[in-house]
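Quick notes on the structure that follows.
The values are calculated or read from the model by the stated rules, or taken from the named source; none is laboratory data. Here the structure is a predicted model, which is why all the values come from computation and not from measurement. Cβ placement follows ideal geometry from the backbone for every residue including glycine, while neighbour counts extend to all protein chains displayed. We work out accessible area using only protein heavy atoms, side chains counted, and drop any ligands, DNA or RNA first. Shrake-Rupley method; radii C 1.70, N 1.55, O 1.52, S 1.80 Å.
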Amino acid sequence: MAQLLSPLGAFYGLAARIRNKTARPEHVRVPVICIGNVTMGGAGKTPIALAIAERLIEQGEKVHFLSRGYRRTSQGTVRVDPAAHTVAEVGDEPLLLARLAPTWVSADRVAGAKAAADAGASVIIMDDGFQNPYLAKDFSVLVIDAGVGTGNGHVFPAGPLREEAGDALNRAQAVILTGRGHAGDGLAARAMARGTPVYRSIAKPVPQEPSFAGAQVLAFSGIGRPEKFYETLRGLGADIVATQDFPDHHAFTDREASRLMVRAHECDAHLVTTEKDAIRLARAPAGSARAKLSKSLRTVPIRAVIADMAQLETLIAEALRRHRLARGEAG
């Protein structure tokens, strides 16, 4: 099938290359850091964005996040209000990001960045948007899932790539391999051969009580690679008696929520999911099965731990300084 679809993939990749070469990126008055990937599906971008944002906030920066807001129903440029907005309105990842710092959703990334700057941002972190050529980035991080890499190496629809891997590497100032595995080693070697630094990151669960050690759990998730979540649970000592996978960014129904609760009762197990999945259930109508499921859930908060973080921070600091020097804001 990949071979049959490869002509379409070649056309898709060529279109992306032409768009990137002909677009004139617009600069905004504050530095922009982009956290993106080259494949369809989750590679662990959001935990990386949060980890970098936390360090910048500790250094006194006023970080604002910028996201497209996948599948959102709201229009235009919107500042996310975690207390008022639903997942349908702004997307699940923006609600997760907004717990840490002001977050904006906008299909027009330039408009979103300008809105963030007008609202007082000193640094903008884009969660995704690596393939968007219209907003100029000061520092771009390419995130690769170490266990999956670039898949079969073909561009969509023949494979998982959003563009040719070499084209993506040309625009990256750093590469981060997330998780365990060696599928991403080839791309990492290509990056290092170009002089692009490569870092490794692992997702570590936040300690919590009661612990999961010995607990019987029914684990469910609607993320790009649910097996990574299940591996994390097993690493915490959980006894996973059953799992239920849903599509990435899945909008849970009351029927599905009821089935999960019934199945957990039959298995005498705790219901456990990811933070991102829990957000999709958090604002369900009172009295609904989704609201009941939300109240009975346990989650596993994850934080990205990046090796050689100090070196990456230095590179980012240099990019921020260059931007500010260009604007006459730093000496």
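For the reader, a short list of remarks on this structure follows.
- Chain lengthening between Arg24 and Met261 when straightened (0.36 nm per residue, less Cα-Cα): 80.2 nm
- The accessible-area ordering, largest first, of the residues His270, His64, His85 stands as His270, His85, His64, per a 1.4 angstrom probe.
- Net charge dipole size for the range 176-283 [Lys, Arg +1 and Asp, Glu -1 on Cβ; Debye, nearest 20]: 540 debye
- Chain lengthening between Arg171 and Met1 when straightened (0.36 nm per residue, less Cα-Cα): 58.2 nm
- Among the protein heavy atoms of the range 241-331, carbon and sulfur supply 50% of the accessible surface, probe 1.4 Å, non-protein parts ignored.
- If you take the alpha carbon atoms of the range 122-197 and fit the smallest convex hull around them, that volume is 101 Å³ per residue.
- For the range 13-84 and the range 98-164, distance of Cα centres in Å: 4 Å
- Order of exposure, largest accessible area first, which applies to Glu58, Glu164, Glu93 with probe 1.4 Å: Glu58, Glu164, Glu93
- Packing, as the average of other Cβ atoms within 10 Å across residues, places the peptides 293-300, 94-101 in the order 94-101, 293-300, highest first.
- Using a probe of 1.4 angstrom and keeping all protein chains present, the accessible surface of the chain works out to 46 square angstrom per residue.
- Projected onto planes of every orientation and averaged, the convex hull of the alpha-carbon atoms in the chain covers 17.9 nm².
- Kyte-Doolittle mean at least -1.0, axial Cα span of 24 Å or more - DSSP H helices of the chain: 2-22, 309-326
- The stretch between Asp108 and Gln216 holds 34.4 nm of extra length on full extension. This uses 0.36 nm per residue minus the Cα-Cα distance.
- Expressed as a whole percent, the accessible area of the range 99-225 that falls on carbon and sulfur atoms is 54 (1.4 Å probe).
- Accessible-area ranking of Ser74, Ser67, largest first, probe 1.4 Å: Ser74, Ser67
- The chain: relative contact order as a whole-number percent, Cα under 8 Å and 6+ apart: 19 percent
- The range 1-48, accessible surface, carbon-and-sulfur percent (1.4 angstrom probe): 64 percent
- Net +/- balance of residues flanking Glu313 in space, Cβ distance below 12 Å, scoring K and R +1, D and E -1: -4
- Radius 15 Å from Cβ of Asn20, net charge of other residues (Lys, Arg +1; Asp, Glu -1): +4
- Cα centroid separation - the range 168-231 against the range 262-331, whole Å: 14 Å
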